[in-house]
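One structure is given below, encoded as structure tokens.
Any read-out appearing in this document is the output of simple, stated calculations on the displayed coordinates, not a laboratory observation. All values derive from a computational prediction rather than experimental measurement. Cβ coordinates were reconstructed from backbone atoms using ideal geometry, including for glycine residues, and neighbour counts include every protein chain displayed.
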Amino acid sequence: MQPEARSIILVRHGETALNAARVLQPAATPLGPRGFAQAEAVARRLAPMQPGAIVSSDLPRALQTAQAIARACGIDGIETTPLLQERNFGDLRGRPYDTLGFDPLAMEEAPPNGESAAAFADRAAAAFAWILQRQAGMTRPLVVVSHGLVIGALLRDAITLADGGMLPERIGNTALTIVSPTPPHGASLVNCTLHLDGALDEGGRSLSGG
């Protein structure tokens, strides 16, 4: 589908080896081989939409995804911001999700040296305000590359779903969500991974956050 000229296109990063292994990720985690291929696939899908700029989380897995999109779309330069980083799980990073005995992605309190749910929600709200400022002077779509929990927070707190629309249970790797830049910031597409063929589909088992 072709988005409206000034759309905001939210993109989750490609898969990492730790996503696939269901491990909470240290900040420096890069894309894995399938994640790079997923990034190239979403880049090919985005190129005909002719985005005017790309902004990204400064974490490697997001930035590497943004770089693939920039190459395909002929965009020089990617603006990064820590506002778009994944929620910080502090000392839980590097630990297998399934051995913890609780769901860290849903915890309200801050893990040791990490970020509480409330602090993360405030940061996601600040990230959306920053995105709207960047889009305000543009005449073409803005691509925003971020993380599963960030996009989930925006869908919950800042974006209006179509009547009857439900929040997705998880955000897929390189999933697209297309949002209007004007209030009430309606979503015309949510969590779409049609660009991934069978070999690139993550299968729904990898972590969608952390």
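Assorted remarks:
- The protection proxy used here, the mean number of other Cβ atoms lying within 10 Å of each residue, ranks peptides 70-76, 9-15 as follows, highest first: 9-15, 70-76.
- Binned Cα-Cα distances of the stretch 3-62, short to long, each 10 Å bin given as a whole percent: 21, 47, 25, 7
- Using every pair of separate Cα atoms, the Kirkwood estimate puts the hydrodynamic radius of the stretch 79-182 at 15.1 angstrom.
- Helix axis angle, 148-157 relative to the chain longest principal axis, alpha carbon, degrees: 70
- Taking Cβ atoms as reference points and 10 Å as the exclusive limit, the residues near S146 contribute a net charge of 0, counting Lys and Arg as +1 and Asp and Glu as -1.
- The value obtained for the stretch 1-118, namely the Cα convex hull volume divided by the number of residues, is 121 Å³ per residue.
- In this simple spin-label model, placing a label point 7 Å from the Cα along the Cα-to-Cβ direction at both R140 and A199 gives a separation of 3.0 nm.
- Q50 sits among other residues whose Cβ lies under 14 Å from its own Cβ, and their net charge, with Lys and Arg +1 and Asp and Glu -1, is +3.
- Each Cα pair under 8 Å and six or more residues apart adds its sequence gap; the mean of these over the residue count of the stretch 120-210 is a relative contact order of 26 percent.
- Nearest-ten-degree value, helix 117-136 long axis tilted from longest Cα axis of the chain: 20
- Only Cα sites of the stretch 8-192 enter the Debye sum here, all with the same form factor; the resulting log10 I(q)/I(0) across q = 0.12 1/Å is -0.53, listed in q order.
- Ordering 110-119, 123-132 by mean Cβ neighbour count within 10 Å, with the highest value first, yields 123-132, 110-119.
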